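Quick notes on the structure that follows.
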Amino acid sequence: MFIRSWFIPRVLISMLLFTALAVGLPAGGAREATHAPVEERRVETDALVIYGYDSLPGTLRRAIAEHFLEEYGVEVDLQRIGDTGAVYTQLYLERENPRADVVIGLDTTYLPRLRSDRLLEPYRPANIELVRPELDIAPDNLVVPYDFGYITLNYDSELLSDPPQSWDELLDPRLRNSIILMNPGTSSPGRNFLLYTIAVFGEDGYLDFWRELAPNILTVTGGWSDGYGLYTQQEAPIVLSYETSPAYHREFEDTDRYRAILFDDAAYLQVEVAGIVRGATNRLNAERLIDYIVSPEFQDLIALSQIMYPIHPDVELPEAFLAGPTVETSVHLDPDYVAENFSDWLEAWEDVMR
């Protein structure tokens with residue numbers, strides 16, 4: 001039996017959200033750190049510190065470590081902090097004395113806050129090529145995309161033979177306690193699914209949708225790994241994940257059991273990014289990492305390690321990615337619009353779900 005996360009006492013929820021999102025507040029008049037100029041930090045060093053989220057796959061971590069050791073004799077320290085909210089918070093808390101050189105895995109909804117909190121330094125690799133123009137999400141070069149995918153619901157066809165075909169059908173009482181979701185305050189998929197419902201139902205209608213959906217939710221987990229783990233343990237037939245998630249099971253488990261649900265052939269676009277931390281000590285190695293991340297060599301690893309789409313147009317997709325339904329409509333909200341309103345949306349969502 002699972003206890004729904006919105007029954008956590010409200011004061012504790014507020015503390016968790018402060019940690020996850022740094023509350024979106026300015027530094028409160030704190031003295032801004034002064035860092036050495038970029039050119040003075042763009043020198044040969046023997047180190048590189050990377051912050052990433054906990055589900056960053058071993059294939060990519062090993063590829064980075066081996067590349068830097070072989071090419072530059074550099075030992076990489078790649079630290080997995082938690083889900084995206086925890087990664088952001090770590091950067092924010094260390095903004096005056098950064099320990100990391102590069103961050104990998106935040107998505108574009110964090111971009112306005114990364115700018116306003118001045119947590120990153122711009123860099124655009126000369127070798128970047130994008131499979132589609134909408135992936136060029138930072139004209140100021142503050143971040144680069146390194147993969148993308150679509151947030152949607154998935155279902156287990158052995159537990160649920162007739163999945164919902166529309167948002168209305170998702171509210172059907174037959175699906176009571178059948179859905180596993182992630183917390184929008186701590187999880188990137190959870191955050192983007194909340195935004196998806198706002199894009200579909202509008203600011204005036206999304207809370208009504210969530211009120212009706214609540215009885216059908218089994219649990220809301222803190223991160224994707226916990227939620228998807230419960231799903232594959234057959235605790236519920238529906239989970240919040242990615243349109244590409246079934247490709248993993250096709251490729252590595254030779255099963256078509258797990259499938260994506262696409263209402264109106266649409267899903268919410270998520271672009272994951274990498275960027276150089278402001279004041280990075282190992283600036284030259286940080287630039288080398290960004291160059292490597294967008295290269296065909298690294299991008300060729302994305303599909304079957306991240307189970308996301310590569311951003312480079314020369315990378316061919318595995319057959320497992322071509323077997324499922326295709327997203328015809330990419331849904332997303334403007335990041336600045338999200339930044340201006342997300343705290344209020346999240347607080348309202350909390351009130352509905354507790």
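The figures follow:
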read-out	value
Selection within the stretch 91-118 - buried (at least 23 other Cβ atoms within 10 Å of the Cβ), modelled with pLDDT under 95 and not in a helix (DSSP H, G or I)	Gly105, Leu106, Asp107
Enumeration of residues in the stretch 128-183 that are of a type in the set (Lys, Arg) and touching a Gly at 6+ places or on another chain (Cβ under 6 Å)	none
Residue among Ala303, Ala348 that is in the same structural domain as Asn97 (by TED's automatic domain parsing) and either closer than 21 Å to Val239 by Cβ or not hydroxyl-bearing (Ser, Thr, Tyr) (or both)	Ala303
Those residues of the stretch 51-90 which are hydroxyl-bearing (Ser, Thr, Tyr) and surrounded by fewer than 18 Cβ atoms within 10 Å (Cβ to Cβ), in sequence order	Ser55, Thr59, Tyr72
Qualifying residue in the stretch 226-234 (condition: assigned by TED's automatic domain parsing to the domain that holds Arg41 and among the charged types (D, E, K, R))	no
Number of the condition not met by Met308 [criteria: (1) outside the structural domain of Leu93 (by TED's automatic domain parsing); (2) touching a Gly at 6+ places or on another chain (Cβ under 7 Å)]	(1)
Some residue of the stretch 267-279 being touching a residue at least 24 places away in the same chain (Cβ under 8 Å), basic (Lys, Arg) and buried (at least 22 other Cβ atoms within 10 Å of the Cβ)	no
Yes/no for Gly227 being closer than 30 Å to Leu56 by Cβ, in contact (Cβ under 8 Å) with a residue 60 or more places away in the chain and within 17 Å of the chain's Cα centre (by Cα)	no
Residue that is nearest to the chain's Cα centre (by Cα) [pool: residues in the stretch 170-192 that are among the polar types (S, T, N, Q) and buried (at least 16 other Cβ atoms within 10 Å of the Cβ)]	Ser188
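The values are calculated or read from the model by the stated rules, or taken from the named source; none is laboratory data. Just so it is clear, the model here is predicted, and its values are computed rather than measured. Ideal geometry is used to build each Cβ from the backbone, glycine not excepted, and the neighbour counts take in all protein chains shown.
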